[in-house]
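Below: one structure, written as structure tokens.
The values are calculated or read from the model by the stated rules, or taken from the named source; none is laboratory data. Only a predicted model underlies this, so the values are computations on that prediction, with no experimental measurement involved. Heads up, the Cβs are rebuilt from the backbone with ideal geometry, glycines too, and the neighbour counts pull from every protein chain shown.
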């Protein structure tokens, strides 16, 4: 038997050692592999940068950051220019109808879909605030919204514009992630004021959005409104990335997301005060969006024939009510039981809506009075209702806020859609009469259940206008959990 000498056999690649052939093939494979994963690595680097926390914003359980007025202003600023995404279209609906070649009732689908998208985000996105850290959640939402917003700046299709508007609205829920955080962190003696400042920021964002939209559209293309809004969103992203503290999750033990979503429905069955607050908010919000949607059609048509800039300037009327927000909180909300504060806000709304509805075709003074009282009443009722529901689920404030805001934005969706249809059929008075009826309904809702009633109907506990035992419920110590798997029950006690 002859032994073969493999060293003398010809090789697949002449004059190339076998080892070098293998190394070359492996090197070529590695190069190809790196090219394949390169896009993923860039995306991962972007996520890493986005969710990285600067040292001055990191959570220290031994020395947690105090909730300062600067944090309050930061959250109000971020809320103002994110909630504005929903309202840039309001003063220019007639311009959008002309450019997309659709009727008024058709173009009203844009704000209707944005309200529907916002309600969707409230139900499916906001509860994540009870599962995840609020800082990375907020930053990811803003980054996604800003990226999708580019489509609104460039698309020529009305259908695509409506679809992208809906998607952007789903993730424009940052203010509703921040409001429970403010309620959780603010000291008890400043909670109403802190909520009022943040709520004022949200309302100011509505004013700025309408004003900016009208002014820019008057002198340039309406597309530039959306480009400016895009820049503002990236400015918010950078500002929050630099200065928003990294607060821990309020539920470090972890929850099942789908059970938590289902549990939101059971909150209505469990807490009568939440149902009452939600129904009041539904009616007020429906009247609010009904007015601002149909106001554009009223002012753009005869007898006024106002330009977009003038229609946008109407938003300035609400500034006075927004600036007075802290005064409302101090004198009309903090000293009183929330239900009585709601009654004051509803009364202001009913007076203004009645005047504006039945004099709006005769004099522009009617809609002006209505704009002021609507912003005033909305702010009072929103802050008072939040004070009423604050303590019902200490470890589930995002879910409680979701349940409350679902009623709010379902109301806005209803007001926008029904108001536009009624205006097309019966004009300003027909749409305004719907708001009058809704505000009348709020007084019935308030009358069914007293401020100290623990059941569903009745006035047990007294008629006292000023807070008594309810004050303990709305200003007691707020628990805050520290994210650690080995934390004991004593370490998870209330934060003093």
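Got a number for residues in the stretch 50-73 being surrounded by fewer than 10 Cβ atoms within 10 Å (Cβ to Cβ) and part of a helix (DSSP H, G or I)?
Residues flagged as surrounded by fewer than 10 Cβ atoms within 10 Å (Cβ to Cβ) and part of a helix (DSSP H, G or I) within the stretch 50-73 amount to 3.
Could you please let me know if residue 164 is more than 25 Å from residue 96 (Cα to Cα) and modelled with pLDDT of 85 or more?
So residue 164 does not fit the description; no.
Here are some conditions: (1) out of contact with any strand residue (DSSP E or B) (no Cβ under 6 Å at 6 or more places or on another chain); (2) crowded, with 17+ Cβ neighbours inside 10 Å. Residue 276 meets all but one. Which one does it not meet?
Of (1) out of contact with any strand residue (DSSP E or B) (no Cβ under 6 Å at 6 or more places or on another chain); (2) crowded, with 17+ Cβ neighbours inside 10 Å, only one is false for residue 276: (1).
Looking at the stretch 115-145, which of its residues are in a helix (DSSP H, G or I) and more than 28 Å from residue 293 (Cα to Cα)?
Hits for the stretch 115-145 are 127, 128, 129, 130, 134, 135, 136, 137, 138, 139, 140, 143.
Going through the stretch 261-289 one residue at a time, which ones are over 24 Å from residue 83 (Cβ atoms) and in a helix (DSSP H, G or I)?
262, 263, 265, 266, 268, 269, 270, 272, 273, 275, 276
Where in the stretch 310-389 are there helices (runs of 4 or more DSSP H), lying fully within it, with 1 or more residues that are modelled with pLDDT of 85 or more and under 26 Å from the mean Cα position of the chain (by Cα)?
Counting at least 1 such residues, we get 338-359, 365-389.
Of the residues that make up the stretch 292-308, is at least one touching a residue at least 12 places away in the same chain (Cβ under 8 Å), in a helix (DSSP H, G or I), touching a helix residue (DSSP H, G or I) at 6+ places or on another chain (Cβ under 7 Å) and farther than 23 Å from residue 97 by Cβ?
no
This table checks each residue for (1) at pLDDT below 95; (2) surrounded by fewer than 19 Cβ atoms within 10 Å (Cβ to Cβ); (3) within 24 Å of residue 218 (Cα to Cα); (4) over 20 Å from the mean Cα position of the chain (by Cα).
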{"residue": "108", "(1), (2), (3), (4)": "yes, no, yes, yes"}
{"residue": "111", "(1), (2), (3), (4)": "yes, no, yes, no"}
{"residue": "131", "(1), (2), (3), (4)": "yes, yes, no, no"}
{"residue": "147", "(1), (2), (3), (4)": "yes, yes, no, no"}
{"residue": "159", "(1), (2), (3), (4)": "yes, yes, no, yes"}
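Might you let me know whether the stretch 227-238 holds any residue that is assigned to a loop (DSSP other than H, G, I, E, B), surrounded by fewer than 22 Cβ atoms within 10 Å (Cβ to Cβ) and modelled with pLDDT of 85 or more? Outline the logic, then answer.
Within the stretch 227-238, the subset assigned to a loop (DSSP other than H, G, I, E, B) is none.
No, the stretch 227-238 has no match at all.
Can you tell me how many residues in the stretch 430-463 are free of Cβ contacts under 8 Å to residues at least 24 places away in the same chain and not in a loop (DSSP other than H, G, I, E, B)?
5
If you scan the stretch 113-129, which residues turn out to be closer than 14 Å to residue 247 by Cβ and under 12 Å from the mean Cα position of the chain (by Cα)?
Selection gives nothing.
Yes or no: the stretch 214-237 includes at least one residue that is closer than 23 Å to residue 341 by Cβ and in contact with a helix residue (DSSP H, G or I) (Cβ under 6 Å, 6 or more places away or on another chain).
no
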